[in-house]
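> Input: one structure, supplied below.
The values are calculated or read from the model by the stated rules, or taken from the named source; none is laboratory data. A quick note: this is a predicted structure, and the numbers were derived from the prediction, not measured. Backbone-built Cβ (ideal geometry, glycine too); neighbour counts: all protein chains shown. These area figures cover heavy atoms from the full protein model, side chains too; ligands, DNA and RNA do not enter into them. Shrake-Rupley method; radii C 1.70, N 1.55, O 1.52, S 1.80 Å.
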Amino acid sequence: MSVVLVAEDEPRIASFVAKGLRAAGYTPLVVGDGASALDHALDGDVALVVLDIGLPVMDGFEVLRRLRERGSTVPVVVLTARGSLDDTVAGLEGGADDYMAKPFRFEELLARIRLRLRESRPEPATTLRAGDLELDLRTRRLSVGGGEGKELSAREFGLAETFLRHPGQVLTREQLLSRVWGYDFDPGSNVVDVYVGYLRRKLGPGRLATVRGMGYRLDPQG
């Protein structure tokens, strides 16, 4: 559950925002001054900051400046009662990701929070690489040495993905069966060995080593 830091010195507004965030599935963390806001924003556990400009001890502009000076990229949505264009520009140029003037509707604040959290999430990897092997997770095609992608069956793909996520590591038959087939290993079954053989043909010689008495290891360079 994402932690949203609410830096707001007006208890009524802080409570209103925290209650709405909790109902939307977030974990609110409320502080009432700028120094506390800076400390919590820098600790790495906060997904986003809702930052009031008129905070005691250290105002929101100073919190924002210090955050960005220290390399923090945590998204910040600034809240302020100041509605002037100068304050809006100062907030955005200071490193804020969004800006809302009070009074505001919580639904609009929530929409902006969700947008900024989506934008701050890294795109999931779509390709696994190990040496000159590449596995496209979308098309399920395997490329060897920069060649044309090879089609894989569902089980071959599952094996290839497991090996490419653990290059150079010995994986037992039990581990492979559990991760690819999803059930406990049957000592009498040779299904893993059969599909490793299929995958070997597509990887080429020397890529999948048999470690006697233990399992298999992917040697990306062959």
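> Could you tell me how many of the residues in region 78-110 are at pLDDT below 85, part of a helix (DSSP H, G or I) and either open to solvent by less than 50 Å² (accessible area, probe 1.4 Å) or touching a helix residue (DSSP H, G or I) at 6+ places or on another chain (Cβ under 9 Å) (or both)?
Residues meeting the conditions: 4.
> While we're looking at this one, here's another question. Please list, ordered by first then second residue, the pairs with beta carbon atoms under 6 Å, 6 or more apart or interchain, first in region 16-40 and not assigned by the TED database to the domain that holds L51, second of a type outside the set (G, A, S) and surrounded by fewer than 20 Cβ atoms within 10 Å (Cβ to Cβ).
Going by the 6 Å Cβ cut-off, there are no qualifying pairs.
> If you scan region 1-33, which residues turn out to be in a strand (DSSP E or B) and β-branched (V, I, T)? Let's see the steps before the verdict.
At the first step, the residues of region 1-33 found to be in a strand (DSSP E or B) are 3-7, 27-31.
Once the filter is applied, which keeps residues that are in a strand (DSSP E or B) and β-branched (V, I, T), region 1-33 yields V3, V4, V6, T27, V30, V31.
> Can you pull out every residue in region 111-122 that is open to solvent by less than 70 Å² (accessible area, probe 1.4 Å) and either over 20 Å from the mean Cα position of the chain (by Cα) or modelled with pLDDT under 90 (or both)? First the steps, then the outcome.
So in region 111-122, the residues open to solvent by less than 70 Å² (accessible area, probe 1.4 Å) come out as 111-113, 115-117, 120.
If the condition is that a residue be open to solvent by less than 70 Å² (accessible area, probe 1.4 Å) and either over 20 Å from the mean Cα position of the chain (by Cα) or modelled with pLDDT under 90 (or both), then S120 is the only one that fits.
> Quick one: how many residues across region 17-59 are surrounded by fewer than 16 Cβ atoms within 10 Å (Cβ to Cβ) and under 18 Å from A111 (Cα atoms)?
Matching residues across region 17-59 total 6.
> Inside region 123-180, counting only strands (runs of 3 or more DSSP E) that do not spill past its ends, which hold 3 or more residues that are crowded, with 16+ Cβ neighbours inside 10 Å? Walk me through it before giving the result.
Details: elements: 127-130, 133-136, 141-144, 170-172.
Those strands (runs of 3 or more DSSP E) span 133-136, 141-144.
> Within region 196-211, how many residues turn out to be open to solvent by 80 Å² or more (accessible area, probe 1.4 Å) and modelled with pLDDT under 90?
Summing the residues that are open to solvent by 80 Å² or more (accessible area, probe 1.4 Å) and modelled with pLDDT under 90 in region 196-211 gives 1.
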